[in-house]
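Structure, as structure tokens:
Please treat every number below as a calculation from the coordinates, not as lab data. Keep in mind it's a predicted model, so treat the numbers as computed, not measured. Quick reminder, even Gly has a Cβ in these numbers, built from the backbone with ideal geometry, and neighbours come from all protein chains shown.
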Amino acid sequence: MSFDLPRLANLQPADIERFQHDGFLVVEKVLSPDRVEALRATFTRLFAGKFDTGIYPDEWYWREGMSLPDVTRHMANAWKADLTVARLALSADVGRAATTLTGWSGARLGQDTIWWKAPKTKAVTLHQDTSFLDYLDPPQTITCWVTLDDTHRDVGTLEYVAGSHRWPLTPIPEGFHAPDDYRALMKNAARLAGVLDPQPSFIEIPAGSCVLHAGEIWHGSAPNNAADRMRRSIGIHLTPADVRFSDRPGGYICRRYQRTDDPSLDESYFPILWTNDGHRTPWIEGYCKTGKRSARR
Ligand SMILES: O=C(O)CCC(=O)C(=O)O
């Protein structure tokens, strides 16, 4: 079974108002300590190349003994490899929260991203998620960023510039992983938007909490300066259920799954988590239990 996350199933009008105003919404303690522990254990397995399903994630950035030790490790679409990650990333309640906050008719999984900031690792440049979505129509996304450690400023927690989801959209950033000044692009965008002194908000919340953020908001993370503490998280990036592939270039991961002469997204690769009229991709629950993607019982 995918995870039920009741605190996300029941967002209120005040939550929508806060999300629209700031561009992000913090919801604390959505996961039990057991689930946090189970998800942490997947990080070690995944980066050691041990996959429940035998299938590789779509992107695997960082290998033990081969990659630089001081960069942030990440992986895309670990749900295809690991069933514990799948239970979180395919949760109906995540899709429902996304639908409530955006006003979409439903939400599908675009991609999950595993983020592992080991001690003494570098920054992730501030960026806007929507900059990466030229390959979709409409190019829209909302992210549910789930913490697996208590997050503090000194471990490079995520930081947001409240209200920056109303600034103009910028192109895909260069130097995502180890920038000299991880806030430089954001400061430039602020200047162009007429904002003189943009102030980041630092997310300091317990493990097992989440932040839902608009695709257009500027966010990223400082280095993890702690010598002995991890900062692990999972970003679940959702798109509208009825999104299509665009005619514009881009999407080096997701375009692999576009059929010839067909702009629709296949639910085998972009499952629908929730729609207001009751649709949910039928194989999800069986897959979360057995690793088999079949809608047949
Ligand atoms: O965890 C991080 O440092 C980056 C997260 C992020 O950019 C995202 O989930 O969209």
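Each Lys or Arg adds one and each Asp or Glu takes one away; over the other residues whose Cβ falls under 14 Å from the Cβ of residue 120, this sums to +2. Tally Lys/Arg at +1 and Asp/Glu at -1 over every other residue whose Cβ is under 14 Å from the Cβ of residue 265; what's the total? With Lys, Arg at +1 and Asp, Glu at -1, the neighbours total 0. Using C-alpha pairs below 8 Å separated by at least 6 residues, the relative contact order for the chain is 28 percent. When the Cα positions of 260, 286, 10 are compared along the charge dipole of the chain, 286 comes out farthest toward the positive end, with charges on each C-beta of Lys, Arg, Asp and Glu. Computed log10 I(q)/I(0) for segment 6-290 at 0.10 Å⁻¹: -0.49, from the Debye equation with unit scatterers placed on every C-alpha and solvent omitted. If the chain linking residue 67 and residue 1 were pulled fully straight, counting 0.36 nm for each residue of separation and taking away their Cα-Cα distance, it would gain 20.3 nm.
Pairs from the list 29/120; 117/289; 29/122; 50/292; 80/120; 122/187 with a Cα-Cα gap above 21 Å: 29/120; 117/289; 29/122; 80/120. Take the Cα of residue 204, step 7 Å toward its Cβ, do the same at residue 40, and the gap between the two points is 2.0 nm. Only helices enter the 222 nm calculation for the chain: every DSSP H run of n ≥ 4 contributes -39,500 (n - 2.57), and dividing by all residues gives -6000 deg cm²/dmol, rounded to 500. In this simple spin-label approximation, residue 150 and residue 17 carry label points 7 Å from Cα along the Cα→Cβ vector, and these lie 3.2 nm apart. Fully extending the segment from residue 296 to residue 255, taken as 0.36 nm per residue of separation minus the present Cα-Cα distance, adds 12.0 nm. The gain in end-to-end length when the residue 197 to residue 279 segment is fully stretched comes to 25.1 nm, 0.36 nm per residue minus the alpha carbon separation. Placing +1 on the Cβ of every Lys and Arg and -1 on the Cβ of every Asp and Glu, with nothing else charged, gives the chain a dipole about its Cα centre of roughly 700 debye. Spin-label model, residue 289 to residue 242: label points 7 Å out along the Cα-to-beta-carbon direction sit 3.2 nm apart. Considering only 48, 88, 133, and ranking their Cα positions along the charge dipole of segment 6-290 that arises from unit charges at the beta-carbon of Lys, Arg, Asp and Glu, the one farthest toward the positive end is 48.
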